Structures are given as structure tokens and as C-alpha cells.
Amino acid sequence: MIAAYFDTAYLLKLYHPELGSGAVRALAATVDVITCSLHGRAELVAAAHRKVREGTALPAHVDALIEQIAADRAAGALHWLPIGDIHLDRVTAAYRRAAPSVYLRAADALHLASAAEAGFVEIYSNDRHLLAAAPLFGLRGIDVIAA
């Protein structure tokens, strides 16, 4: 089975058409399962709600997104990784060795720790800060949109 770890920015591009969605969807078509940390589920719904607030989506779109996420999970195409102490320990270790100039948000650190603990060697995102911090977790950050 071929799996890929997508952060929330890439997940949103699967479910909501925006700049870069085509490239992310093409990548998703090459794998069997998309994986993301469980906190990405909350981030995804929050991002969909932000689209409503910004006027680029309707509340019905959020409902449809939630239903599609559930369907994709039930079909085995989307897998949520749980978060535990091992992930938080890895986040802590990364911050302890990070240079002062590293810009690493907690949510991004959780994505990176989750991907690394699950055995991924690559993480897909278009978030420049997450991509820059990926090596702290032994990961290679890839953005297919910028490619």
C-alpha cells in the first residue's frame, strides 16, 4: 500500500478548489491512502469554516466536506494518526535542538512528529515554515505546487 502524509493545507486543497488543488489532487491519485495527524481533522474543519467566513464557501460546503471526509475515512482513503506522548516528546526534542531562527508552530510540529513517528520519510505541504522545519524531524518536505 502506498501512503502519503499531507498536512492540513494539502488536505484542504483536496476538498476545496483553490490555487494548487490540481497538483495536489494529481499527487493524491498516485497513492492508496492519505495520512494526517488527528489534529489535522480539526484544522481541516476550521479551515473550511474560515472559507465560509471569508465568503468563498457556503455553510452547506462545510457540511459536504465533513460528510466527504467521513466517507473517505470509511473507504480507507484517509487515515488519521492518533497523538500521544511519544509525539509530544518528539516535538519537545525538536524545539530543544532547533536554531533560534527556526519558525516552527506547534501545529506544524505535531504534523512533523506524527509523520516521522509513523515512519514517513516525506511530508507534503505548501507551508514554507513546515517544509523548512521538516529536517528537524528527519523528513523531506515536498511541495508539488511549487515544483
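What the table below lists for this structure:
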{"quantity": "Any hit, region 70-90, residues being at positive phi, without any contact (Cβ under 8 Å) to a residue 60 or more places away in the chain and part of a loop (DSSP other than H, G, I, E, B)", "calculated": "yes"}
{"quantity": "Identity of the residue in region 31-69, among the charged types (D, E, K, R) and in contact (Cβ under 8 Å) with a residue 40 or more places away in the chain, that ends up surrounded by the fewest Cβ atoms within 10 Å (Cβ to Cβ)", "calculated": "D32"}
{"quantity": "Hits in region 122-147 - residues which are more than 20 Å from A29 (Cβ to Cβ) and touching a helix residue (DSSP H, G or I) at 6+ places or on another chain (Cβ under 9 Å)", "calculated": "D127, H129, L130, A133, A134, L136, F137, G138, L139, R140, G141"}
{"quantity": "Failed criterion for P82 (all others in (1) under 22 Å from I145 (Cα atoms); (2) touching a helix residue (DSSP H, G or I) at 6+ places or on another chain (Cβ under 7 Å); (3) at pLDDT 95 or above hold)", "calculated": "(1)"}
{"quantity": "Residue check, L27 of a type outside the set (D, E, K, R), touching a residue at least 40 places away in the same chain (Cβ under 8 Å), buried (at least 18 other Cβ atoms within 10 Å of the Cβ) and more than 21 Å from I123 (Cβ to Cβ)", "calculated": "no"}
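The values are calculated or read from the model by the stated rules, or taken from the named source; none is laboratory data. Keep in mind it's a predicted model, so treat the numbers as computed, not measured. Cβ coordinates were reconstructed from backbone atoms using ideal geometry, including for glycine residues, and neighbour counts include every protein chain displayed.
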